[in-house]
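Attaching a single structure in structure tokens format; questions to follow.
The values are calculated or read from the model by the stated rules, or taken from the named source; none is laboratory data. Just so it is clear, the model here is predicted, and its values are computed rather than measured. Every residue, glycine as well, gets a Cβ built from its backbone with ideal geometry; the counts of neighbours run over all protein chains shown.
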Amino acid sequence: MTITSSNLTKAAGAAAVVAGSIFIAVQINHPAMVGASAETTDWLVRSTAKAVMSALALAGITGMYLRQHRRAGLLGLIGYLLFATGYLAMLGTEVVAAAVLPTLAKLQPGYVNDVIVAAAGGTPAGDIGGMQTVLNLGGLGYIVGGLIFGIALFRTGVLARWAAALLAVGALSTAALAVLPESFNRPIAVPVGLALVGLGVSLWRNHQDSPVIAVASTPAVSVSAL
């Protein structure tokens with residue numbers, strides 16, 4: 001298989017579509033954000049799916065940025081770096097949620113419950129150490145990065161503008177979860193999922209191969225002539 005910029009761009013678009021679809025799917029009938037949920041198979045499956053989603057989303061937004069980095073300018077670079085940081089933090093958090101929290105649920109239920117409370121935007125009763133920093137970093141990157149990256153994509157006009165606008169609005173609206181009831185957590189996540197699907201489809205259709213540059217051959221120099 002020949003690796004071209006077109007194939008890589010299409011792969012990034014497909015990754016974004018799958019990521020957005022997973023992000024929407026995992027919100028359906030999501031278990032309660034309490035420590036007891038971490039011991040269930042449902043929690044393990046969803047956390048694993050979210051980890052996969054984070055990795056795919058990172059690949060997708062990287063393809064989006066590279067497709068239009070010259071037009072996006074400094075704003076696009078800042079938005080991409082922040083948004084990518086948010087997804088990297090989310091990836092790490094979901095790996096911990098899938099591989100670590102289920103084991104600790106019986107040994108240290110208080111800690112697990114505090115981590116889940118913090119992940120949902122609440123204030124934990126105890127000290128959760130470095131997890132609080134990771135969660136804060138992930139939230140900041142996701143909200144601010146998604147807003148700036150969405151604005152940058154909208155300004156360039158290379159990809160679907162409705163999806164770029166939805167990404168910006170959806171990411172910003174996540175900040176409202178700090179004051180809204182937990183029941184709003186799942187619906188608010190859907191716009192960003194839809195935005196990723198829309199941008200991924202647009203990126204797939206908007207792929208473009210890099211031009212092939214012919215290089216003239218240089219006559220060989222005989223060693224015996226020296």
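Within the range 182-211, can you find the residues that are of a type in the set (D, E, K, R) and modelled with pLDDT under 70?
If the condition is that a residue be of a type in the set (D, E, K, R) and modelled with pLDDT under 70, then Glu182, Asp209 are the ones that fit.
While we're looking at this one, here's another question. Quick test for you: out of Val52, Val45, Val17, pick the one residue that is part of a helix (DSSP H, G or I) and free of Cβ contacts under 8 Å to residues at least 24 places away in the same chain.
Val45
Could you check how many residues of the range 144-160 are surrounded by fewer than 20 Cβ atoms within 10 Å (Cβ to Cβ) and touching a Ser or Thr at 6+ places or on another chain (Cβ under 9 Å)?
Residues flagged as surrounded by fewer than 20 Cβ atoms within 10 Å (Cβ to Cβ) and touching a Ser or Thr at 6+ places or on another chain (Cβ under 9 Å) within the range 144-160 amount to 1.
Here's something else I'd like to know. In this structure, does Gly73 turn out to be part of a helix (DSSP H, G or I), farther than 11 Å from Glu94 by Cβ, in contact (Cβ under 8 Å) with a residue 60 or more places away in the chain and within 19 Å of the chain's Cα centre (by Cα)?
No.
Let me ask something else. In the range 1-40, which residues are under 13 Å from the mean Cα position of the chain (by Cα) and closer than 16 Å to Ala119 by Cβ?
Matches in the range 1-40: Phe23 only.
Identify all residues within the range 111-126 that are surrounded by fewer than 18 Cβ atoms within 10 Å (Cβ to Cβ) and either at pLDDT 90 or above or hydroxyl-bearing (Ser, Thr, Tyr) (or both); write none if there are none.
Thr123
Could you check, for the range 134-143, whether at least one of its residues is more than 18 Å from Leu82 (Cα to Cα) and crowded, with 18+ Cβ neighbours inside 10 Å?
Within the range 134-143 (the criterion being more than 18 Å from Leu82 (Cα to Cα) and crowded, with 18+ Cβ neighbours inside 10 Å), the answer is no, since none of the residues qualifies.
Ok, one more. Inspect all residues belonging to the range 172-179 and state whether any of them is out of contact with any Phe, Trp or Tyr (no Cβ under 9 Å at 6 or more places or on another chain), over 22 Å from Leu81 (Cβ atoms), modelled with pLDDT under 90 and not charged (D, E, K, R).
yes
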